[in-house]
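To start, the structure under review is shown below, and the notes come after it.
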Amino acid sequence: MSGIRIPVEGIDGSGTAHATSLLAPNPSPMTLDGTNTWVIGRAETVLVVDPGPDDDAHLRRVADHLAERRVVAVLLTHGHHDHSGGARTFAEMVNAPVRALDPSHRLGGEGLADGDVIDLDGLEVRVVGTPGHSFDSLCFWLPEDRAMLTGDTILGRGTTVIAPDGDLADYLRSLDQLRAGAEILEAEALLPGHGPVLPDPVGVLDGYIAHRRLRLDQIRQAIRDGARDARQIVEIVYAEVDPALWPAAEMSVAAQLDYLKSL
Ligand SMILES: [Zn+2]
């Protein structure tokens, strides 16, 4: 059983039986309500995933929430600043290492990679490599809660962008892999890096995959209709999207053009 909790007042405090979100105060069009810092654990030992930006009040609040529990490690879903900016400060605050795929974000000796399993008082956390949004994106599967922490690979609302350090072909493979995993493992919840907890993981992943196919078709059509660069494509394909998000859309279009050229 996932034991999904969705508080009426919003995202802060949402989660599953063994995972709780503490919302960082960095809302924006790109980060939605702000970054979800996840605390995972069953008993005395916990993992803290994505401390968020280097915001002292937020990091203090996370440390206070832990009370007497010991942080085994700080994990990063990926290195983007809204997830990792406070990692070093927080790690020093709680005297724990930082583990990430990208060596430049680690503190202490240990890395983090696809296939790693972390044991927290018998609670298993499995690391799944999901490159695409960024080259270093990881998801964390909690079998006991039938839940998956998805970082920016899947967001609680809307869809994610392919960042300049990401890759669309990788992202499409990661979505297929997550979808297959969610079905086989009977996942019941996605715990995103931004936005609310999502029930129905298979349905959400199907939606993401369909959305990517639709955008690629629209981009092919825009090129046939005479669009010459990423900006012109955005103006056609993302016409209904808030122009504040157009720079992000342009990033995604650039990634999609690279992908179409590579086919
Ligand atoms: Zn990101």
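The values are calculated or read from the model by the stated rules, or taken from the named source; none is laboratory data. None of the values given here were measured: they were computed from a predicted structure. Reconstructed Cβ throughout: ideal geometry from the backbone, glycine too, with neighbour counts over all protein chains shown. Accessible surface is based on the protein model in full, side chains and every heavy atom, while ligands, DNA and RNA are left aside. Shrake-Rupley method; radii C 1.70, N 1.55, O 1.52, S 1.80 Å.
A few points about this structure:
- Conditions (1) away from the ligand (no atom under 12 Å from the Cβ); (2) open to solvent by less than 10 Å² (accessible area, probe 1.4 Å); number of the one not met by Leu138: (1)
- Single residue of the range 141-163 satisfying the filter (at negative phi, assigned to a strand (DSSP E or B) and not aromatic (Phe, Trp, Tyr)) that is nearest to the ligand (Cβ to nearest atom): Thr150
- Counted residues, the range 164-183 - those being farther than 25 Å from Arg5 by Cβ and either more than 16 Å from the ligand (Cβ to nearest atom) or open to solvent by 10 Å² or more (accessible area, probe 1.4 Å) (or both): 11
- Single unsatisfied condition, Asp145 versus (1) surrounded by fewer than 16 Cβ atoms within 10 Å (Cβ to Cβ); (2) modelled with pLDDT of 95 or more: (1)
- Residues of the range 31-48 satisfying the condition of being of a type outside the set (Lys, Arg) and in contact with a His (Cβ under 8 Å, 6 or more places away or on another chain): Thr31, Leu32, Asp33, Gly34, Thr35, Asn36, Thr37, Val39, Ile40, Gly41
- Test: residue in the range 114-126 that is touching a residue at least 12 places away in the same chain (Cβ under 8 Å), buried (at least 17 other Cβ atoms within 10 Å of the Cβ) and assigned to a loop (DSSP other than H, G, I, E, B): no
- Of the candidates Asp64, Asp33, Asp56, the single residue that is within 16 Å of the ligand (Cβ to nearest atom), among the acidic types (Asp, Glu) and open to solvent by 10 Å² or more (accessible area, probe 1.4 Å) is Asp33.
- Of the residues making up the range 80-90, those that are within 8 Å of the ligand (Cβ to nearest atom) and part of a loop (DSSP other than H, G, I, E, B) number 1.
- Qualifying residue in the range 170-180 (condition: part of a loop (DSSP other than H, G, I, E, B) and within 22 Å of Pro247 (Cβ to Cβ)): no
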